[in-house]
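Heads up, the thing below is written out as structure tokens.
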Amino acid sequence: MNNERLVADVLTALSIAEAGSMNKAAKALNISQPSLTRAVALLERTLGGRVFERGARGVRLTELGMQVMEHARAIRAHAVRLQRSVSATQREPNIHFHFAAAPVVPLAACSLAILDLMAELPAARVHIAIGQPAEVLELLRKGAVEMAMLPLGEAEQHAFNCELLYYDAMAIYGRTGHPLTRSRHVEIDQLCQQKWVLGGSGTLVRTRIEELFAGQGAGPPQIALEADDVALRRSLVMHSDHLSAFQVHHVYNELRTGLIAKVPYRWQQEISAVGLLRLLPHTDASSCLRQAFRRRFQEAGMQMTRDAEVATPQRSKRRPVTAKRRR
């Protein structure tokens, strides 16, 4: 089989896998089902094994089929990149970079990193999509975006190239000047004496704090106020002696401006990794953005290694965003 036919049949198999059945794929591709069957049979003979298991409810990928799909998605992503590149060159001499992120990422630091990219590559036109992790993965699979940022570790992510950026951990905060934020070290019994602002029962932050207290053999926290909204909890902490817990990116600006301070309690907790996923090799734009993310997240005090403590962002030593002249 020549390479052109092999590529065509691999992409046909991808359409069948995504449709879930020969019949649905035939309708989507507007070709006959016998033609699809012949294409799959030829592909299976070429590869020396079955790509699909056929059943009454449709088709299911074999182990070989799963390997084929990884290559098929990469081929499709390359085709999308080529199409965009040619189209953009015909319209204007700009670099179009498509990126997606889950809403859990630190938006303030992300914004600075994207501005860094645009300063480094003035011709870049950045297109950003925000969605839930499953939606972001689907955009990546289809080649609609070149790179995505989201929590790592889901089983369906194994088909992508993954690069760790930071670990998403929580810390305890109070207003600047709160007695505990001025301490060198805080114990659990001191936390037990404080009033807390937390979300409703079952919310992530409240569950983590309750687990912390229970794990240390302490009674439940003294919850004086319940507020699910992060911005409201932040404001209540800034203007009272109540404590709360936040992920670092939720108090990024307040830490830099000195409105909120970290309580120095060493909190052992489960943390999740956040990173970048891609199907294809890095471009100039994706490589530049990766470096900018790492620099900005480190400045923001994100936890860059698994066993490190959550750091406090340095107060306003902001690296200026200046355009570099291209030679």
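All of the numbers you see were taken from the coordinates with simple rules; none came from a lab. Only a predicted model underlies this, so the values are computations on that prediction, with no experimental measurement involved. Glycine gets a Cβ as well: all are built from the backbone with ideal geometry, and neighbour counts include every protein chain shown.
Would you kindly calculate the translational diffusion coefficient of region 3-71, applying Stokes-Einstein with the Kirkwood radius from alpha carbon pairs, for 20 °C and a viscosity of 1.002 mPa s, and quote it in µm² s⁻¹ without decimals? Roughly 182 µm²/s, to the nearest whole number.
May I ask for the equivalent-ellipsoid semi-axes of region 170-262, computed as the square root of five times each C-alpha gyration tensor eigenvalue and listed largest first in whole Å? Walk me through the intermediate numbers first.
Details: eigenvalues 73, 51, 25 Å².
They are 19, 16, 11 Å, listed largest first.
Could you work out the relative contact order of region 170-262? I mean the mean sequence separation of Cα pairs under 8 Å and 6+ apart, divided by the number of residues, in percent.
On the way: 140 pairs, mean separation 42.7, N = 93.
Computed over region 170-262, the figure is 46 percent.
To the nearest 20 debye, what is the magnitude of the charge dipole of the chain about its Cα centre, counting +1 on the Cβ of each Lys and Arg and -1 on the Cβ of each Asp and Glu? Charge dipole, the chain, about its Cα centre: 1200 debye, nearest 20.
Candidates 275, 150, 186 compared by Cα position along the dipole of region 150-301: farthest toward the positive end lies 186, with charges placed on Cβ. For the chain, the relative contact order comes to 21 percent (Cα pairs under 8 Å, sequence separation of at least 6). Counting only Cβ charges, +1 for Lys and Arg and -1 for Asp and Glu, the dipole size of region 170-262 around its Cα centre is about 360 debye. Both the radius of gyration and Dmax for the chain are 25.0, 76 Å, in that order, over alpha-carbon atoms.
Which order do peptides 207-218, 65-76 fall in by mean Cβ count within 10 Å, highest first?
65-76, 207-218
The dipole here belongs to region 3-71: it is taken about the Cα centre, uses +1 on the Cβ of Lys and Arg and -1 on the Cβ of Asp and Glu, and is about 320 debye.
Which of the peptides 128-136, 144-152, 230-238 is most tightly packed, and how do the rest follow, judged by the mean count of other Cβ atoms within 10 Å per residue?
Working: 128-136: 15.1, 144-152: 22.2, 230-238: 17.6.
Taking the mean over residues of other Cβ atoms within 10 Å, the ranking is 144-152, 230-238, 128-136.
Packing-based ranking of 14-25, 166-177 yields 166-177, 14-25, ordered from highest to lowest mean Cβ neighbour count within 10 Å.
For region 125-174, the share of alpha carbon pairs falling in successive 5 Å distance bins from zero is 4, 16, 28, 22, 13, 8, 5, 4, 1 percent.
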